[in-house]
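A short write-up of the structure that comes next.
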Amino acid sequence: MTASDKLYRFAVAWTSTALIAGLLLAIGRQIVPDVFDLVSRTGHDPDVVGAALLAGTLACWWAGVRHLGPVAASPAQQRWEAWADPHRWQARARLRVLLAAVPFAIGIGYVIGLAGQDWVPGVVAGAVLLATGALIALAQRRDGGPWVVALLAAAALGLLAGAAWGPSWAAVVAAAVVVTTVRPRRPRSYRLVPRWNLAAAAQRRWTLGAAATMLDVEVLRTQSVPGSGRRIPFALPARRARRLAVLSAWRSARPALARAAVGLVIVGAVAEVLGAKAGLLSAAVLLHVLTVATTRDLLAWHELAAVQRVVAVDPRRAVRALASLCAVVTLLVVVFVAVLLTPPWPALMVLLVQPWLGTWSRIRAAEEPEELTMLSTPMGAVPIQVVVRLVAGVGVTILALAVLGSI
Amino acid sequence: MNGSELLAVRGLSKAFGEHQVLAGLDLSFAAGSVTALTGPNGSGKSTLLRCLAGATPVDRGDVLLDGAVCDPTSPEHWGAVLGILDDHAWLPGLTVRDHLLLVGDDVDHALDRIGLAGLGDRRAPSLSSGQRQRAALAITLVRPWRVLLLDEPERHLDDEGVDLLVDLVAGWRDRTVVFATHSAELVDRTGAARVTLDAV
């Protein structure tokens, strides 16, 4: 380690600690008490909720550092990330580390708010920061990122479920999160990507840049696709449209249902702790995530005329087949929301319509443009169609959130 | 047109903007024949194949199947005519085996014949270009297509893959095969009738 590196690490630790100290004053003594007053008034255990929020915050922070930060990156990995200009990249990466320290400090603020002490918080925060940083570096060197995220997420969701429904549910939910999140490693489908978290982040950035440069968003789809590639263990229907439905649903169902299960726990816990309206809003966000996950093949079908020609299924039947899993998952979420939150029927209608409107907007955005409109940006010319395509569907979700918020 | 002709174009014209690629083309392909489309870049080989496969709409003229004018952009046409063209693609969530199952049933035999027996459960984006080309050729084996349209089928294939392609073409004597190529060796080895297109 060079003297420059040592100085940088010291600066990071010192600045982060200073940030925490400042945030302790701003957040720990003002906002946190209000939050926990609300929690106490609604009859929940503030310690449990605070610990859950801390674990959730740490999970978010870890995910941010995992994808953005340079922690424990070897020179080879840094080169992969920074093949254009390592020095500029390192400068940006250092800035990102400092920014990533902010949510971490907020998490520490929750703990301080619980403790209610004056001098202990700084010492505790500094110790926790250093210990967590060391653990993260250690885990990342051993490519243990998914385990860290899974355990923190399990702790957060388990505690939230425990606060809402009791310790039995806490154990069940935490176990379910670990089981569904952590899975044996297997080769990703995009083999050129080294199995390293930072390289994966670089790959995402590379594909976005490549999509803009080549005026082709096909490269976005060549990233790894979750789900099993093993042989279908049952006989398939004879008709090709039904075969298309079964194959597509089978390949996407496992990750989609795992996300749905985790998401519904979050919706239920949010509704229990923060109220029905917050639960409704989180359900809309969950539906957006699930719709994107379950309509990947449907969107690809619309764009890939070659696949349509080879499979040779009636277009309307193909669309129905490829949309079936999305329909099932949407109904699952809406029924859950209807039973748990008993919202007014317009809210249910919004939740029912949102996935289809979002999918329609994504399909429309993916259609071949009659003419290309270029947008001048500091990164160079970017086709506005690519931008529209990347944000399509999100706009519908934001609209749904606005409507649900006003109901 | 005589009785043995399966696929034909009559007065086929296609332009891209100001650039006329095909102008009043008349061609016919006999049942069971193997035809190689040759010619310089821009002579319209791929465009002709795309028109025959329904991937590109024609400006003027007709495509005939079994002597009757047909709509190349209809699923009924695609059920009889397979085009493995330059836009060939795969659904991102499905494996190679899944794609073949969407087309026919004899998947294991096709994968084995094409040399991809151990790769059927991989998703197409994870395969190399040559393996993807082989997987595309496997599609020809899982359904009794009457017409096969192949755009540079030797593309990305190694020597062993080209040998396999030649063997496949030799076994397709009950089908009408039209392929575009720049490889004179492939034309000779497959014994294909050569049709040379000139730039308009």
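Quick notes on this structure:
- Which listed residue, of A:Val319, A:Val289, A:Val270, is at pLDDT below 90, assigned to a helix (DSSP H, G or I) and under 30 Å from A:Trp345 (Cβ atoms): A:Val270
Residue by residue, here is whether (1) outside any strand (DSSP E or B); (2) of a type in the set (D, E, K, R); (3) within 14 Å of chain A (Cβ to nearest Cβ) holds:
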{"residue": "B:Leu102", "(1), (2), (3)": "yes, no, yes"}
{"residue": "B:Asp105", "(1), (2), (3)": "yes, yes, yes"}
{"residue": "B:Leu111", "(1), (2), (3)": "yes, no, yes"}
{"residue": "B:Gln133", "(1), (2), (3)": "yes, no, yes"}
{"residue": "B:Pro144", "(1), (2), (3)": "yes, no, yes"}
{"residue": "B:Leu157", "(1), (2), (3)": "yes, no, no"}
{"residue": "B:Val162", "(1), (2), (3)": "yes, no, no"}
{"residue": "B:Phe179", "(1), (2), (3)": "no, no, no"}
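- The lone exception for B:Val147 - which of (1) over 11 Å from the mean Cα position of the chain (by Cα); (2) surrounded by 17 or more Cβ atoms within 10 Å (Cβ to Cβ) it fails: (1)
- Search result, residues across segment B:168-188 that are touching a Leu at 6+ places or on another chain (Cβ under 9 Å) and among the charged types (D, E, K, R): B:Arg175
- Residue check: B:Asp167 meets all listed conditions (1) under 18 Å from the mean Cα position of the chain (by Cα); (2) surrounded by 20 or more Cβ atoms within 10 Å (Cβ to Cβ); (3) not hydrophobic (A, V, I, L, M, F, W, C) but one, namely (2).
- Residue in segment A:294-315 that is at pLDDT below 90, closer than 30 Å to A:Leu157 by Cα and either part of a helix (DSSP H, G or I) or outside the structural domain of A:Thr359 (by TED's automatic domain parsing) (or both) present: yes
- Residue within segment A:217-226 that is surrounded by 17 or more Cβ atoms within 10 Å (Cβ to Cβ), at pLDDT 55 or above and among the β-branched types (Val, Ile, Thr) present: no
- Residue count for segment B:79-100 under the criterion of being farther than 15 Å from B:Leu137 by Cβ, more than 7 Å from chain A (Cβ to nearest Cβ) and outside any helix (DSSP H, G or I): the result is 1.
- Scanning segment A:324-351 for residues that are crowded, with 21+ Cβ neighbours inside 10 Å and either polar (S, T, N, Q) or within 14 Å of another protein chain (Cβ to nearest Cβ) (or both) turns up A:Leu325, A:Cys326, A:Thr330.
- Pick from segment B:110-159, criterion farther than 20 Å from B:Ala31 by Cα and among the polar types (S, T, N, Q), ranking: modelled with the highest pLDDT: B:Gln133
- Residue match in segment A:296-314 (condition: away from chain B (no Cβ under 14 Å), hydrophobic (A, V, I, L, M, F, W, C) and within 24 Å of the chain's Cα centre (by Cα)): no
- B:Leu65 being more than 20 Å from the chain's Cα centre (by Cα) and either within 11 Å of chain A (Cβ to nearest Cβ) or closer than 30 Å to B:Arg10 by Cβ (or both): no
- B:Leu64 over 25 Å from A:Pro237 (Cα atoms) and outside any helix (DSSP H, G or I): yes
- The residues of segment B:188-200 that are of a type outside the set (Gly, Ala, Ser), within 26 Å of B:Lys14 (Cα to Cα) and either under 18 Å from the mean Cα position of the chain (by Cα) or in a helix (DSSP H, G or I) (or both), listed by number, are B:Arg194, B:Val195, B:Thr196, B:Leu197.
- Selection from segment B:102-124 of residues that are touching a residue at least 12 places away in the same chain (Cβ under 8 Å), at negative phi and within 21 Å of the chain's Cα centre (by Cα): B:Val103, B:Gly104, B:Asp105, B:Asp106, B:Val107, B:His109, B:Ala110, B:Leu111, B:Arg113, B:Ile114, B:Leu116, B:Ala124
- Qualifying residue in segment B:70-78 (condition: within 14 Å of another protein chain (Cβ to nearest Cβ), outside any loop (DSSP other than H, G, I, E, B) and in contact with a helix residue (DSSP H, G or I) (Cβ under 6 Å, 6 or more places away or on another chain)): yes
- Scanning segment A:304-326 for residues being farther than 23 Å from B:Arg50 by Cα and aliphatic (A, V, I, L, M) gives a total of 5.
- Matching residues, segment B:51-62, being free of Cβ contacts under 8 Å to residues at least 60 places away in the same chain and surrounded by 22 or more Cβ atoms within 10 Å (Cβ to Cβ): B:Cys51, B:Gly54, B:Ala55, B:Val58
The values are calculated or read from the model by the stated rules, or taken from the named source; none is laboratory data. All values reported here derive from a predicted model rather than from experimental measurement. Counting neighbours? That spans all protein chains shown, and the Cβs are built from the backbone with ideal geometry, glycine included.
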